[in-house]
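Report on the structure given below.
The values are calculated or read from the model by the stated rules, or taken from the named source; none is laboratory data. Source: prediction; values computed, not measured. All Cβ positions, glycine included, derive from the backbone under ideal geometry; neighbour counts span all protein chains shown.
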Amino acid sequence: MRMCRNLSIIPWVLVLAACAGAPAMPETTYYRMPAPIVAAPAQVPVELPIVVAPLEADGLYSDQALIYAMDAQAGQLRSYHYQLWIDPPTRLLQRRLVDTLRRARLSRVVTDRLPTRMAVLAVSGRIVRLERIKTDSGWEVVAGLVLRAEPSEAGKPWVIGEYHDRVPAQGESVNYSVRAMAQALDQIAADFIADIEAAAKARAAGEDTIQVRELEHE
């Protein structure tokens, strides 16, 4: 009888031993970018209120997981399973752009929503690149956005642009890449603000031109 009891315990001991030896599941980490940095307030503020819509994104760029590539050409993209943005990139970049335009004092009102009957300068966009890339010298990040600014009332768009920036990360961890991504997006926002200022200045002078910026294709 005692031998039978001992034999019945053996499977449970084996199960517990297997559990103890199994590797622990990695914890999911959520990343938020540092606050945007604006060098100086806008010199030619926009009289219209500015409304920034959520950005569009296709495929991997619409997912909350951070994207990376192990080759410098970024020919094969992968997504992390446990390294995520705190919000979907379409919303994350919308809120960051609202915050940046406010800090730049580009208009007295910069928001994500206003009554549809109000005349506004509508900002919309699409994410074309947002990833960290492994290179021979370490990691770097690439950000690419298509951005558009146009009045809600009839008229030509003010700005139609493709913006791109590449920034090396200062370390191997994902944290360094997140900081580098914030720097890249700050530079894109600075270029976009400069184009909106140029459009506002042209309209104040009676010109009705469209500011167009093309992506620097690599």
Report task. Please find, within the range 119-168, the residue that is farthest from residue 95 (Cα to Cα) out of those that are basic (Lys, Arg) and in a strand (DSSP E or B). Result -> 134
Query raised in the report: Does the range 81-90 contain any residue that is part of a helix (DSSP H, G or I), modelled with pLDDT of 95 or more and buried (at least 17 other Cβ atoms within 10 Å of the Cβ)?
Result: yes
Report summary line: All conditions in (1) closer than 25 Å to residue 49 by Cβ; (2) modelled with pLDDT under 95 are true of residue 93 except (2)
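I want to confirm something. Restricting to the range 18-42 and keeping residues that are of a type outside the set (A, V, I, L, M) and under 19 Å from residue 188 (Cβ atoms), which single residue is modelled with the lowest pLDDT? First the steps, then the outcome.
Step one: of the range 18-42, the residues of a type outside the set (A, V, I, L, M) are 19, 21, 23, 26-32, 34, 36, 41.
Remaining after also requiring under 19 Å from residue 188 (Cβ atoms): 31-32, 34, 36, 41.
Working: 31: 97, 32: 96, 34: 96, 36: 97, 41: 92.
Applying the filter and picking the extreme gives 41.
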Query raised in the report: Would you call residue 122 of a type in the set (Gly, Ala, Ser) and either surrounded by 22 or more Cβ atoms within 10 Å (Cβ to Cβ) or closer than 21 Å to residue 57 by Cβ (or both)?
Result: yes
Query raised in the report: Picking from 121, 130, 97, which residue would you name as being in contact (Cβ under 8 Å) with a residue 60 or more places away in the chain, within 13 Å of the chain's Cα centre (by Cα) and within 17 Å of residue 196 (Cβ to Cβ)?
Result: 97
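Out of all the residues in the range 172-218, which are closer than 29 Å to residue 74 by Cβ, surrounded by 12 or more Cβ atoms within 10 Å (Cβ to Cβ) and of a type in the set (Val, Ile, Thr)? Quick ask: steps written out before the conclusion?
So in the range 172-218, the residues closer than 29 Å to residue 74 by Cβ come out as 172-195, 211-218.
Narrowing further to those that are surrounded by 12 or more Cβ atoms within 10 Å (Cβ to Cβ): 174-195, 211, 213, 215.
Within the range 172-218, 174, 178, 188, 193 meet the criteria.
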Report task. Could you give me the residue pairs with C-beta distances under 8 Å whose first residue belongs to the range 21-47 and is assigned to a loop (DSSP other than H, G, I, E, B), whose second residue is modelled with pLDDT under 90 wherever it lies, and which are 6+ apart or on separate chains? Result -> 44/204
Query raised in the report: Out of (1) loosely packed, with under 15 Cβ neighbours inside 10 Å; (2) modelled with pLDDT of 95 or more; (3) hydrophobic (A, V, I, L, M, F, W, C), what's the single condition that is false for residue 145?
Result: (1)
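Rundown of residues vs (1) out of contact with any strand residue (DSSP E or B) (no Cβ under 6 Å at 6 or more places or on another chain); (2) within 15 Å of residue 129 (Cβ to Cβ); (3) free of Cβ contacts under 8 Å to residues at least 12 places away in the same chain; (4) not polar (S, T, N, Q), yes/no style:
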{"residue": "50", "(1), (2), (3), (4)": "no, no, no, yes"}
{"residue": "56", "(1), (2), (3), (4)": "no, yes, no, yes"}
{"residue": "59", "(1), (2), (3), (4)": "yes, yes, yes, yes"}
{"residue": "69", "(1), (2), (3), (4)": "no, yes, no, yes"}
{"residue": "72", "(1), (2), (3), (4)": "no, yes, no, yes"}
{"residue": "83", "(1), (2), (3), (4)": "no, no, no, no"}
{"residue": "88", "(1), (2), (3), (4)": "yes, no, no, yes"}
